[in-house]
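In what follows, a single structure is set out as structure tokens and then discussed.
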Amino acid sequence: MKTVQLVPMAEADFQAYRAQVIPEYADEQVRAGNWTPQEARARAEQQFRELLPKGVATEHHYLFSVLAAENGAKVGLLWVALNARGGRRTAFIYDCVVFEAHRRQGYGQAALRALEAMARGWGVQSIGLHVFAHNTGAQALYQKAGYVVTDRQMSKRLETGEAKR
């Protein structure tokens, strides 16, 4: 069983992550049918600025580099935020990434276990997340880690008269 360390993300790693995640998130929103390609990049940048106005120093947001315990290699990253709702402390995973070369080796599970241990120390009672419906690999990882679907959005695309012409 793999083990990892979650260490605060360095500023240089954050800047590299930011440059990569914004276009990826924009593409995911377009693929999901939520945004148009024309607006996606600007909306993704705006959401990122709103969520992390102070970057890695944003209050209640924690960005970690995920390091393999066996050799200290960076194998991924994790972004989680703490919330208090109705007297309960919760956490929300904004992003959990295992770098391509390290996927399917147990690092995703290890990162989630490390987060759960850390969250218990913070007094967190539950951890939530969002996963796009088309991201079946991430869904499998989270289900294997014990996460369950608590909400489901559905939509149907309709052809308009203009599209048929």
Selection from His61, Ala26, Ala114, by position along the positive dipole direction of the chain (Cβ): Ala114
Rounded FRET efficiency, nearest 0.05, which uses the C-beta distance separating Arg18 from Glu159 and R0 of 41 Å: 0.60
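Just want the ordering: Val148, Val4, from fewest to most Cβ atoms lying within 10 Å of their own Cβ. Intermediate results must be reported in sequence, preceding the final value.
Working: Val148 6, Val4 27.
Ordered by Cβ neighbours within 10 Å, fewest first: Val148, Val4.
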Whole-number D in µm²/s for segment 4-153 (Stokes-Einstein; Kirkwood sum over Cα pairs; 37 °C, 0.692 mPa s): 202 µm²/s
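If you place +1 on the Cβ of every Lys and Arg, -1 on the Cβ of every Asp and Glu, and leave all else neutral, what size is the dipole of segment 4-153 about its Cα centre, to the nearest 20 Debye?
Details: 16 positive and 14 negative charges, 87 e Å.
Computed charge dipole of segment 4-153: roughly 420 debye.
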Taking Val56, Val98 and counting other C-beta atoms within 10 Å, the order from fewest to most: Val56, Val98
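Quote the relative contact order of the chain in percent (integer), defining contacts as alpha-carbon pairs under 8 Å separated by 6+ residues. Working shown, then result.
Values: 193 pairs, mean separation 36.2, N = 165.
For the chain, the relative contact order is 22 percent.
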Formal net charge of residues neighbouring Trp79 (Cβ-Cβ distance under 12 Å; K, R +1; D, E -1): -1
For segment 64-77, 3J(HN,Hα) per residue [Karplus equation, 6.51 cos²θ - 1.76 cosθ + 1.60, θ = phi - 60°, Hz, x = Gly/Pro]: 10, 8, 9, 10, 5, 5, 6, 9, x, 5, 6, 10, x, 8
Debye-sum result for segment 79-163 in log10 I(q)/I(0), which assumes one identical scatterer on each alpha carbon, at q = 0.24, 0.26 Å⁻¹: -1.31, -1.44
Over the chain: helical MRE at 222 nm, DSSP H runs n ≥ 4 each giving -39500 (n - 2.57), nearest 500: -12000 deg cm²/dmol
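Give me the count of lysine pairs in the chain whose alpha carbons sit under 29 angstrom apart, restricted to pairs 8 or more positions apart or on different chains.
6
Quick note: the coordinates plus some simple rules give every number you see, no bench work behind them. All figures in this text were calculated on a predicted structure; none of them were measured in a lab. Every residue, glycine among them, receives a Cβ derived from its backbone with ideal geometry; neighbour counts consider all protein chains shown.
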